[in-house]
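Enquirer: Please read through the structure below; I'll follow up with questions.
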Amino acid sequence: MSTIVFFATIADVPKDHPLYAQRKQQYENALAKVFSYSTPVHGVISETNQETQDLLSLTTYPFASLYNIPTTNVYNCINKSMKEYTSMQLAIPANIQDDTWIIKISGRYLITDDTFFNTVKSAPDRCNVIGRTFGEEDNYVQFYTFYYAMRYKYFKIFVEEHNYVLWAKNIERHLYDFVINRKLYDTTLFVNHLGIYCNIGEDTHFRSF
């Protein structure tokens, strides 16, 4: 069975932000679940240049590695996809075997059941990517990028492009394009249920995926 590690992306919220208390609680609940799997958790926390930065008590969460990015503005990030992609580029963990599963998760979204983790855990050796797509009805297929898995061999290639590739498209489509262009479609496991509770973009309503 291949090794599994989590890679969580986290964006800081200053203490004077109106959503600070809500976001803090979301991160605490979500990360508690991630760490409950007793597998290494790597992370990246960005936008930490606020003097009031104390969203996470880092001593509470035993990250295998946690990369701190004061601001993504210096990397010319003009949208959320570029910020997330750049954060992953800077923080991708090293010294990991190529067949290791990287489960990428957005750090404030709550895993509600173990379905996806167990799917990754039992995936056959020939499988390289696991995730859920959407947009088939519009002929513009994308991956949900708040919770997916990829072998480290390909994940490190996925994040090696310059972030300007996301000026004209979002990271959800970029991931799908990567699977197609790298000829990974036939070794991708497409699932219909992720078992995670979250919202998308600026939507204020949370729902299960």
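The values are calculated or read from the model by the stated rules, or taken from the named source; none is laboratory data. The structure displayed is predicted, hence computed values, not measured ones. Please note: Cβ atoms are built from the backbone with ideal geometry, for glycine as well, and neighbour counts cover all protein chains shown.
Enquirer: Need the failing condition index for LEU31 against (1) loosely packed, with under 15 Cβ neighbours inside 10 Å; (2) of a type outside the set (Lys, Arg); (3) in contact with a strand residue (DSSP E or B) (Cβ under 9 Å, 6 or more places away or on another chain), just the number.
Expert: Tallying (1) loosely packed, with under 15 Cβ neighbours inside 10 Å; (2) of a type outside the set (Lys, Arg); (3) in contact with a strand residue (DSSP E or B) (Cβ under 9 Å, 6 or more places away or on another chain), LEU31 fails exactly one: (1).
Enquirer: Now for a different question. Among the residues of the stretch 166-192, which ones are hydrophobic (A, V, I, L, M, F, W, C), part of a helix (DSSP H, G or I) and without any contact (Cβ under 8 Å) to a residue 12 or more places away in the chain?
Expert: ILE180
Enquirer: Residues of the stretch 147-173 being touching a helix residue (DSSP H, G or I) at 6+ places or on another chain (Cβ under 6 Å), under 22 Å from LEU194 (Cβ atoms) and not small (Gly, Ala, Ser), which ones?
Expert: Within the stretch 147-173, PHE158, VAL159, ASN170, ILE171 meet the criteria.
Enquirer: Restricting the stretch 1-28 to residues that are among the β-branched types (Val, Ile, Thr) and over 15 Å from the mean Cα position of the chain (by Cα), which is nearest to GLN97 (Cα to Cα)?
Expert: THR3
Every residue, every condition in (1) surrounded by fewer than 22 Cβ atoms within 10 Å (Cβ to Cβ); (2) touching a residue at least 60 places away in the same chain (Cβ under 8 Å); (3) over 18 Å from HIS42 (Cα atoms), yes or no:
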{"site": "ALA94", "(1), (2), (3)": "yes, no, no"}
{"site": "GLN97", "(1), (2), (3)": "yes, yes, no"}
{"site": "THR100", "(1), (2), (3)": "yes, yes, no"}
{"site": "ARG108", "(1), (2), (3)": "no, yes, no"}
{"site": "VAL120", "(1), (2), (3)": "yes, yes, no"}
{"site": "ASP125", "(1), (2), (3)": "yes, yes, yes"}
{"site": "GLY135", "(1), (2), (3)": "yes, no, yes"}
{"site": "GLN142", "(1), (2), (3)": "yes, no, yes"}
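Enquirer: Out of the residues in the stretch 41-81 meeting the condition of being within 13 Å of the chain's Cα centre (by Cα) and part of a helix (DSSP H, G or I), tell me which one is modelled with the lowest pLDDT.
Expert: If we take residues in the stretch 41-81 being within 13 Å of the chain's Cα centre (by Cα) and part of a helix (DSSP H, G or I), then LYS80 is modelled with the lowest pLDDT.
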